[in-house]
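Take a look at the structure set out below.
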Amino acid sequence: MELAFERRGTGAPLILIHGIGHHWQAWLPVMDRLAASRTVIAIDLPGFGVSPGLPEGIPYTAESLADAVESFCARLGVREPHVAGNSLGGYIALELASRGVVRSATALSPAGFWSRPELLYAQAVLRALKAGTRFGATPFLSGASAGILVAHPSRLEPQALSAAAQALSGASGFDETLESFAGLMPPAPPKSPITIAWGERDRLLLRRQAVRAARWSGQRVKLLKGCGHVPMSDDPELVARVILEASATS
């Protein structure tokens, strides 16, 4: 699977996976911190960013997107990398850990641990955000809208807002992937070491979902103090530290 990606740094390989509707640039606030000791490869999932869509006949699901990431790593010659993901990307990271094909997985506010009402809420919010891209970047991520995704909207650069709006607007895989969430269940028990961290002020995948993730994983979930659903912009140093610590223990 050919995917768009950005590679930086040296050291053990670390794959970074964005959330639904986003692109690899979501990781820019933490990439250089991570690249100081890892070979960081941030990808655009199929049908997101500038990556081509999935081949015809393959449905957009978290599992098929995980297949694409696994195929991408094989094509690149990267065996058993560390992986970190946010939201949908967090679920994919846990799915790859369940397959035992990664050395470690870090999941930031991963999808899949919601109740039915929480799922419907998240789907409605995400559809509204995508609809808002018709009016440009400023309404898309400003004020209350930005507060759904990040705890500190003022820390987002205008260029990043514009690029994120364009990525969401043009994401060909968005609608089908979002619909597939209705059947998304937590993955099988992990075969690789995992770390789950949740934004203390996550307003999209609410913090109480971390309790279910903790039960599923059999371990405590780290809370990212002062962070929202996409924590990389809220506290780059904290997020980088969590990922580096998780990928240093295996």
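The values are calculated or read from the model by the stated rules, or taken from the named source; none is laboratory data. Bear in mind that the values here come from a model prediction, so they are computed numbers and not experimental data. We place every Cβ from the backbone using ideal geometry, glycine too, and count neighbours over all the protein chains shown. Heads up: the accessible areas ignore ligands, DNA and RNA and are worked out on the full protein's heavy atoms, side chains in. Shrake-Rupley method; radii C 1.70, N 1.55, O 1.52, S 1.80 Å.
Some points to look at:
- Across the options H152, P117, G218, the greatest Cα extent toward the positive end of the charge dipole of the chain (unit charges at beta carbon of Lys, Arg, Asp, Glu) belongs to G218.
- In plain terms, the chain from S37 to R7 could stretch by 9.5 nm, reckoned as 0.36 nm per residue minus the Cα-Cα distance.
- Remark: the chain carries 42 Å² of accessible area per residue (probe radius 1.4 Å; ligands, DNA and RNA excluded).
- Reachable aspartates and glutamates, given that their alpha-carbon falls under 14 Å from the alpha-carbon of K225 and they are not under 8 places away in the same chain: E200, D202, D234, D235, E237
- Label corresponding to Cα extents along the principal axes in Å when calculated from the structure given, among (i) 44, 39, 36; (ii) 45, 42, 37; (iii) 52, 43, 34: (i)
- Sequence-distant lysines (8 or more away, or on other chains) whose Cα lies within less than 22 Å of K191: K222
- Structure-based [θ]222 nm, the chain - -39500 (n - 2.57) summed over DSSP H runs of at least 4, per residue, nearest 500: -12500 deg cm²/dmol
- The listed peptides 58-66, 179-187, ordered by packing as a protection proxy, come out as 58-66, 179-187 (highest mean of other Cβ atoms within 10 Å first).
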